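The values are calculated or read from the model by the stated rules, or taken from the named source; none is laboratory data. None of the values given here were measured: they were computed from a predicted structure. Here the Cβ is made from the backbone with ideal geometry for all residues, glycine too, and neighbour counts use every protein chain on show. Note: accessible area is taken over every heavy atom of the protein model, side chains too, but ligands, DNA and RNA are not part of it. Shrake-Rupley method; radii C 1.70, N 1.55, O 1.52, S 1.80 Å.
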Amino acid sequence: MQFGRYFEEFEVGAVYRHWPGKTVTEYDDHLFCLLTMNHHPLHMDAHYAESASQFKRNVVVGNYIYSLLLGMSVPDVSGKAIANLEVESLRHVAPTFHGDTIYGETTVLDKRESGSKPDRGVVAVETRGYNQDGTLVCVFRRKVMVPKREYAAAAVPDGVDPERPSFPEPR
């Protein structure tokens with residue numbers, strides 16, 4: 001199974017559909033809020049959300065949706081990354097609610113070779129997240145530094161791929 005891509009494998013305009021999707025539970029949302037110390041009642045208090053918000057129910061915290069989409073994109077985009085360089089933009093376009101299922105896809109916007117190191121390049125992508133109805137809920141752009149294939153292959157001693165370590169033989 002492929003995990004990430006080398007610089008040469010990215011093509012401008014390519015679209016990677018990330019699978020599987022993830023159904024967001026109340027537990028997921030509350031745990032993320034608690035871990036990140038975001039205790040806003042819109043996310044944590046059903047009575048508050050019902051009586052004081054336009055949605056009349058809890059809204060999933062946006063940074064969880066962003067993190068979820070970022071994670072979904074790793075096997076297709078940044079699994080071989082040397083570095084995540086920047087998040088250029090992040091927009092939460094529509095709310096996500098408990099029970100919604102999030103699906104993601106990423107489009108390659110641009111790629112360029114590194115100006116200082118010949119063994120790598122920088123790839124710009126846009127990731128979009130949709131709910132089960134096809135509504136766009138989140139979109140972000142980022143840049144990732146990835147290795148070139150020929151340099152990665154030359155760095156592998158004795159044919160051992162550092163990304164796929166060998167496991168001890170079973171007894």
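For the stretch 24-39, taking the residues that are at pLDDT 95 or above and either in contact with a Ser or Thr (Cβ under 7 Å, 6 or more places away or on another chain) or in a loop (DSSP other than H, G, I, E, B) (or both), the one that is nearest to ARG149 (Cα to Cα) is identified as VAL24. Is there a residue in the stretch 91-104 that is part of a strand (DSSP E or B), at pLDDT 95 or above, open to solvent by 40 Å² or more (accessible area, probe 1.4 Å) and farther than 12 Å from VAL24 by Cα? There is at least one residue in the stretch 91-104 that is part of a strand (DSSP E or B), at pLDDT 95 or above, open to solvent by 40 Å² or more (accessible area, probe 1.4 Å) and farther than 12 Å from VAL24 by Cα. If the condition is being open to solvent by less than 20 Å² (accessible area, probe 1.4 Å) and under 21 Å from TYR27 (Cα atoms), then the stretch 63-77 contributes ILE65, LEU69. Given the structure, is LYS80 surrounded by 18 or more Cβ atoms within 10 Å (Cβ to Cβ), among the charged types (D, E, K, R), under 17 Å from the mean Cα position of the chain (by Cα) and within 18 Å of GLY4 (Cβ to Cβ)? Against the criterion (surrounded by 18 or more Cβ atoms within 10 Å (Cβ to Cβ), among the charged types (D, E, K, R), under 17 Å from the mean Cα position of the chain (by Cα) and within 18 Å of GLY4 (Cβ to Cβ)), LYS80 qualifies. In this structure, ASP76 does satisfy being outside any helix (DSSP H, G or I), under 26 Å from VAL125 (Cβ atoms) and of a type in the set (Asp, Glu). Inspect the stretch 44-62 for any residue being touching a helix residue (DSSP H, G or I) at 6+ places or on another chain (Cβ under 7 Å) and in contact (Cβ under 8 Å) with a residue 60 or more places away in the chain and give the result as yes or no. Checking the stretch 44-62: not a single residue is touching a helix residue (DSSP H, G or I) at 6+ places or on another chain (Cβ under 7 Å) and in contact (Cβ under 8 Å) with a residue 60 or more places away in the chain. Of the residues VAL59, VAL12, VAL87, the single one that is in a loop (DSSP other than H, G, I, E, B) and either exposed (fewer than 15 other Cβ atoms within 10 Å of the Cβ) or of a type in the set (S, T, N, Q) (or both) is VAL12.
For the stretch 112-129, filtering for residues that are open to solvent by less than 60 Å² (accessible area, probe 1.4 Å) and not in a loop (DSSP other than H, G, I, E, B) leaves 10.
Close Cβ contacts (under 6 Å, 6 or more residues apart or on different chains) running from residues in the stretch 94-118 that are of a type in the set (Gly, Ala, Ser) to residues that are open to solvent by 20 Å² or more (accessible area, probe 1.4 Å) comprise ALA94/THR135; GLY104/MET72; SER114/ARG120.
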